[in-house]
1. Given the structure, is LEU109 surrounded by 16 or more Cβ atoms within 10 Å (Cβ to Cβ) and farther than 17 Å from ALA12 by Cβ?
2. Quickly run through the stretch 89-106 and pick out the residues that are surrounded by 14 or more Cβ atoms within 10 Å (Cβ to Cβ) and over 22 Å from the mean Cα position of the chain (by Cα).
3. Where residues in the stretch 172-192 are in contact with a helix residue (DSSP H, G or I) (Cβ under 8 Å, 6 or more places away or on another chain) and in a loop (DSSP other than H, G, I, E, B), which of them is surrounded by the fewest Cβ atoms within 10 Å (Cβ to Cβ)?
4. Counting only residues that are part of a helix (DSSP H, G or I), in contact (Cβ under 8 Å) with a residue 24 or more places away in the chain and under 9 Å from LEU206 (Cα atoms), how many does the stretch 226-246 have?
5. Quick check on my filter: what residues within the stretch 16-58 are aliphatic (A, V, I, L, M), in a helix (DSSP H, G or I) and more than 24 Å from the chain's Cα centre (by Cα)?
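Taken together, the values in this text are just the output of simple stated rules run on the coordinates, not laboratory data. Just so it is clear, the model here is predicted, and its values are computed rather than measured. All Cβ positions, even for glycine, are placed from backbone atoms using ideal geometry, and neighbour counts span all protein chains on display.
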Amino acid sequence: MKITYQSLKQKAYHIMNATEEGGLTGPIINSFILLLIIGNIVALILETVEEIASPNIQIFRTFESFSVIIFTIEYLLRLWSITSNPVYQKPAAGRARFALTPLAIIDILAILPFYLPMILPIDLRFLRALRMVRLFRIFKVVRYTKSFKLMGNVFRSRKEELIITIAMVSLLLIVVSSLMYYIEHDAQPEVFKSILHSMWWGIATLTTIGYGDAFPITPLGKILGGMTAILGIGIFALPAGILGSGFVEELQKSKKEKKVCPHCGKELE
């Protein structure tokens, strides 16, 4: 079989996206990159422990360089082969569109802190802050796990209900914070300075966390605080119910998809 530029690009696309056409190579590479991402997360945590980081600084640097090389190759391969996807088939426009997708942006942010100091003279304080962008490597896990894809499908299918719930919670937060401000401001001018300051109490009470740094002391304020806490239990249970039913539906869909024959399209017994 003659290997052409186009066939090589298509093969790279199928491997990077772990499709059936890519064979076993795709899942093996994806598993390796997933392990590398997990290793980077562990390294990022261990680097903050002085007793571990100081004597092993060279090991961390070598691992960082190796990881960036792998992530860079991965990103370039994805960018090069993406035109094999009909959605991004135009060489320039297609690659530009792909580069602006959320996962591609995460990929570039994961390697940006390594290359940017080589291009631009950066203040050390800014460089330390920029290295925090390495946290975006955590989000690269999304590309390699089906669970995150399932979660994304749930959020997409339930976005209207979630938007309505968020709007309800926001409206309730504004109402109770405003009422608490007018009730408690005279009694506690330093704690409830404004409605914005009262919103901190509203968030802590509605989520039933109750940090104790802001709380009502007047009888009417205590009544409102108790009612708000009870409302919070009910209001914040709504998103859990919506997402729970969404997960059940998506799991049922995925099970049905598995029962479909990939060759003839008929459902298997």
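1. On the way: surrounded by 16 or more Cβ atoms within 10 Å (Cβ to Cβ): yes; farther than 17 Å from ALA12 by Cβ: yes.
Yes, satisfied.
2. Hits for the stretch 89-106 are GLY94, ARG95.
3. The residue in question is ALA187.
4. Matching residues across the stretch 226-246 total 6.
5. Of the stretch 16-58, the ones aliphatic (A, V, I, L, M) are 16, 18, 24, 28-29, 33-38, 41-46, 49, 52-53, 57.
Subsequent filtering for residues that are in a helix (DSSP H, G or I) retains 16, 28-29, 33-38, 41-46, 52-53, 57.
Across the stretch 16-58, the qualifying residues are ILE52, ALA53, ILE57.
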